[in-house]
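Colleague: Got a structure for you, questions after.
The values are calculated or read from the model by the stated rules, or taken from the named source; none is laboratory data. Here the structure is a predicted model, which is why all the values come from computation and not from measurement. Quick reminder, even Gly has a Cβ in these numbers, built from the backbone with ideal geometry, and neighbours come from all protein chains shown. Only protein heavy atoms, including side chains, enter the accessible area calculation; ligands, DNA and RNA are left aside. Shrake-Rupley method; radii C 1.70, N 1.55, O 1.52, S 1.80 Å.
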Amino acid sequence: MKRYATHRTATAPASRTLASCALALAVVTFLAKRFGLIDADVFVLSFMVAAAVALIAILLAVFALHRVWALGGPGVPAALTGVVLGLLAIGPPALTVAILVLRPGGHDVSTDRLNPPELTSAGLSGEQPFLSWFDATLERDVWPALAQLKTDPLDVQAGTGPAMLYPDIVSRRYRISTAQLHAAGRKALEGLGWNLVDELPPDLLDVATRLQAVGRSQLLGLDHDVALRIRPDPVGALLDVRARSRTPLKDLTGNDDHIRGVFAEIDRVLLETYGDLSRLAVDEAEVEGLEPEPVEEPRDTIPLPGFKPYFEEEDAPVPDGVELTDLEG
C-alpha cells in the first residue's frame, strides 16, 4: 500500500514560540515598571512590542490551523497554545492603550479649577518624549472626536480641550478651625500611606495652611503629587485638594479617585475624632445664606476715646504699716 507524506506545518511551533516570548516580555516589562526599574516611555514601548509579537503569533496560529484543516497532519496543540499565550500577552498592552485613549485628561485634577492649590515639586517628567507626543496627538485628534460622541455635557469641558469635569470633585467646608482641619488632613495622608514632602503648619487657629504628599499607585507604581490647601471660611475652614500625575501614563485609578480617597479618609478621621460628622460638613446652600459682616466706612479723622485711661496701680495709695524696701541698695 502506498503511503503519502504527512503534512507538517512549521507555523504552529513558530506561533507558540513567538507567543511565549511575547508573554515573557510583557511580564518582565510589568515587573520592571512596578519596581521602578524603567521609565514610562520604555514601559509603553515594550508593551507595544509585546503586543505586536503576540498579534503575529496569533495570526500564525490561525494560519496553521487553517493548513491543518485543509491538508491534515499534526500541529493543532501547538497552534492552540500559541493562540492562548498570544491572548494572554496582548491583554495587558491592550488595556494600557485603552486606558490612555478612553480616559481623556486627568493628569491634573483640582477641586478649584480656576485657582488650584500650588504644587512646589510637581510636574510632568521631561524624559518621556514618546508619551508626551502620544498624549498631544490624543488631545488634538482623538479626544475631540470622542467628545462629540458623548451625550453627557459634563464629560468634556467646552473650550479647554479634553479636560474632564468631575461634578463631585468640589471644595469642601467644615465647621472647625483651619488648625483642626490641618491636623485631620495630615493624619489622613498618613493613613493613605503617602509621604509628606511639604507643609505649611498653622501658627494660629485661623490661618491658611497647606500640605503636600507623594503617593504611588498600587498596580504600576506611578508617582503622583497631592496638595491640600486649607483657608479660613465664614463657617470655619475651606479645603481644596489637587492631584497631579508625573507622567501621562494612567493606572486603573486616576487623580479623581485620589481626591475622593483624601475626602473619604478625612471624613473617617473627623468621625473618629468628633463622632458626629453631619455637624461638621457644610452644604453650599448654607454658605449662600450667610451674609458677610458689614465693613465700616473709613473715617477722615481718628476718633478720640470717650474716657480717660485710668491705671489703678499708679494712683493706688500705699497701705499703712507696709515698709518700702529699696531694691537697689
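Colleague: How large is the accessible surface per residue of the range 229-277, computed with a 1.4 Å probe and reported in Å² as a whole number? Don't skip to the end; give the middle numbers.
Modeller: On the way: 1790 Å² over 49 residues.
I get 37 Å² per residue for this part.
Colleague: Report the label-to-label distance for Leu95 and Leu37 in nanometres (one decimal), using points 7 Å from each Cα along the Cα→Cβ vector.
Modeller: 2.0
Colleague: Right, something else. Given a 1.4 angstrom probe, what's the average accessible area per residue across the range 45-97, in square angstrom?
Modeller: Details: 2740 Å² over 53 residues.
For the range 45-97, the per-residue accessible area is 52 Å².
Colleague: Give the distance, in whole Å, between the Cα centre of the range 222-249 and the Cα centre of the range 165-180.
Modeller: After rounding, the separation between the Cα centres reads 10 Å.
Colleague: Using the Cβ atoms and a cut-off under 12 Å, what net charge is assigned to the surroundings of Arg260, where Lys and Arg are +1 and Asp and Glu are -1?
Modeller: Working: positive: Arg172; negative: Asp168, Asp256, Asp257, Glu265, Asp267.
Once all neighbours under 12 Å are counted, the net charge is -4.
Colleague: At 37 °C and 0.692 mPa s, what whole-number value in µm²/s does Stokes-Einstein give for the translational diffusion of the range 39-83, with Rh from the Kirkwood sum over Cα pairs? Walk me through the numbers on the way to the answer.
Modeller: Numbers: Rh = 11.7 Å.
The calculation lands on 280 µm²/s.
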